[in-house]
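Some notes on the structure that comes next.
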Amino acid sequence: MNLILIEPHELVDQYASLRGARAVHIREVLRAKPGDTIRVGLLDGPRGTARIETITPEQVGLRCTWEQESPQRPAVDLLLALPRPKVMRRLWAQLAALGVGHIALTNAEKVERNYFDTHVIQPATYRPLLLEGLQQAQDTHLPHITIHKQLKPLVEDQLDELFPNTLRLLADPAATQPIAAAVPKDFLGRVLLAIGPEGGWNDFERVLFVRAGFVAIGLGPRTLRTDTACIGLLTLAHATLKF
């Protein structure tokens, strides 16, 4: 953990009492002592520092001081065809660490229907993994998660409400245009990146996206796994937007 995240309900008069994994990390990894100062963040709020007031085998007491400005919300959103559960489990923390404002998981022809029955897309599973990624990246903005079992209604009827005023980019293995060429110079808005299943979107799905205003972009001639494509494309998107 490069940042200890504190939930708003845990903070009372700028004091937080932490138990569990965070307390263990402070005691055993940071080896902090009363009087030491550590980096903290308020979930969906500012970063800051905390002075350790008490340490016991059960809890760590922190007195927090916050920066005036909160980190900016990541300017990239992700529409992702739901990958295999074990891949999705690996991705949660990485997506949060890379920086995504809204993750919309959806269906596609090449997505197995039983993927939507997995516990991996339940908040009890993915929320701790998202928090892990945020603490690694020293960010405080928890990605918003929505799940859509039907692709066509999502693209045709719901995108404008879910992702208003975004530059829409469609990851397509056949596309030759890189992200940098698709994003206008000095662009200051939000980007919605659509990444398909392994094997790519089918012809019907590609037409659906193009009609909704998506521009096809690629990562080169290599066929990549979903998690590799997500990491590569998100990294390039943030670099193009200059973070």
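The values are calculated or read from the model by the stated rules, or taken from the named source; none is laboratory data. Please read all numbers here as calculations on a predicted model, not as lab measurements. Using ideal geometry, Cβ is built from the backbone for each residue, glycine included, and neighbour counts are taken over all protein chains shown.
Kindly indicate whether any position in the range 93-108 is β-branched (Val, Ile, Thr) and at pLDDT below 95. Can you show your working first?
From the range 93-108, those β-branched (Val, Ile, Thr) are 100, 103, 106; that's our starting set.
After this cut, where a residue has to be at pLDDT below 95 as well, the list is none.
Within the range 93-108 (the criterion being β-branched (Val, Ile, Thr) and at pLDDT below 95), the answer is no, since none of the residues qualifies.
Is there any pair linking a residue in the range 218-241 that is polar (S, T, N, Q) to one that is buried (at least 18 other Cβ atoms within 10 Å of the Cβ) and in a helix (DSSP H, G or I), with Cβ under 9 Å and at least six apart or on different chains, and which?
Thr226/Met88; Thr226/Leu91; Thr235/Leu98; Thr240/Ile179; Thr240/Ala182
Let me confirm something: among Arg89, Arg127, which residue is surrounded by fewer than 20 Cβ atoms within 10 Å (Cβ to Cβ), more than 20 Å from Leu42 (Cα to Cα) and either modelled with pLDDT of 95 or more or out of contact with any helix residue (DSSP H, G or I) (no Cβ under 9 Å at 6 or more places or on another chain) (or both)? Spell out the reasoning first.
Numbers: Arg127 fails: more than 20 Å from Leu42 (Cα to Cα).
Sole residue among the options that is surrounded by fewer than 20 Cβ atoms within 10 Å (Cβ to Cβ), more than 20 Å from Leu42 (Cα to Cα) and either modelled with pLDDT of 95 or more or out of contact with any helix residue (DSSP H, G or I) (no Cβ under 9 Å at 6 or more places or on another chain) (or both): Arg89.
Answer yes or no: is there a residue in the range 109-132 that is out of contact with any Leu (no Cβ under 7 Å at 6 or more places or on another chain) and of a type in the set (Gly, Ala, Ser). Can you show your working first?
In the first step, residues of the range 109-132 are kept if they are out of contact with any Leu (no Cβ under 7 Å at 6 or more places or on another chain); the result is 109-110, 112-114, 117-120, 122-129, 132.
Imposing the further condition that a residue be of a type in the set (Gly, Ala, Ser) reduces the set to 124.
Yes, there is a match, as at least one residue in the range 109-132 is out of contact with any Leu (no Cβ under 7 Å at 6 or more places or on another chain) and of a type in the set (Gly, Ala, Ser).
Which of the residues spanning the range 209-243 are part of a helix (DSSP H, G or I), surrounded by fewer than 17 Cβ atoms within 10 Å (Cβ to Cβ) and touching an Asp or Glu at 6+ places or on another chain (Cβ under 9 Å)?
Arg211
Pairs under 9 Å by beta carbon, first residue closer than 18 Å to Leu82 by Cβ and without any contact (Cβ under 8 Å) to a residue 60 or more places away in the chain in the range 194-216, partner basic (Lys, Arg) and assigned to a strand (DSSP E or B), six or more apart or different chains?
The qualifying pairs are Phe209/Arg168.
Could you tell me whether any residue of the range 164-174 is under 20 Å from the mean Cα position of the chain (by Cα), buried (at least 19 other Cβ atoms within 10 Å of the Cβ) and part of a helix (DSSP H, G or I)?
no
In the range 49-86, which residues are assigned to a strand (DSSP E or B), small (Gly, Ala, Ser) and surrounded by fewer than 18 Cβ atoms within 10 Å (Cβ to Cβ)?
Taking the range 49-86 first, the residues assigned to a strand (DSSP E or B) are 49-55, 60-66, 76-81.
After this cut, where a residue has to be small (Gly, Ala, Ser) as well, the list is 50, 61, 81.
If the condition is that a residue be assigned to a strand (DSSP E or B), small (Gly, Ala, Ser) and surrounded by fewer than 18 Cβ atoms within 10 Å (Cβ to Cβ), then Gly61 is the only one that fits.
Of the residues Gln122, Gln135, which single one is over 17 Å from Cys230 (Cα atoms) and either surrounded by fewer than 19 Cβ atoms within 10 Å (Cβ to Cβ) or in contact with a helix residue (DSSP H, G or I) (Cβ under 8 Å, 6 or more places away or on another chain) (or both)? Lay out the reasoning, then the answer.
Numbers: Gln135 fails: either surrounded by fewer than 19 Cβ atoms within 10 Å (Cβ to Cβ) or in contact with a helix residue (DSSP H, G or I) (Cβ under 8 Å, 6 or more places away or on another chain) (or both).
Selected residue: Gln122, the only one of Gln122, Gln135 that is over 17 Å from Cys230 (Cα atoms) and either surrounded by fewer than 19 Cβ atoms within 10 Å (Cβ to Cβ) or in contact with a helix residue (DSSP H, G or I) (Cβ under 8 Å, 6 or more places away or on another chain) (or both).
I need the full set of residues from the range 59-83 which are farther than 20 Å from Leu142 by Cα and in contact with a helix residue (DSSP H, G or I) (Cβ under 7 Å, 6 or more places away or on another chain), in order please.
Gln59, Val60, Pro83
I'd like to verify a number: residues in the range 107-130 that are over 14 Å from the mean Cα position of the chain (by Cα) and basic (Lys, Arg), how many?
Qualifying residue count for the region: 2.
Can you tell which of Ala16, Ala96 is on the phi < 0 side of the Ramachandran plot and in the same structural domain as Gln136 (by TED's automatic domain parsing)? Walk me through how you get there before you give the answer.
Details: Ala16 fails: in the same structural domain as Gln136 (by TED's automatic domain parsing).
Going through Ala16, Ala96 in turn, just one is on the phi < 0 side of the Ramachandran plot and in the same structural domain as Gln136 (by TED's automatic domain parsing): Ala96.
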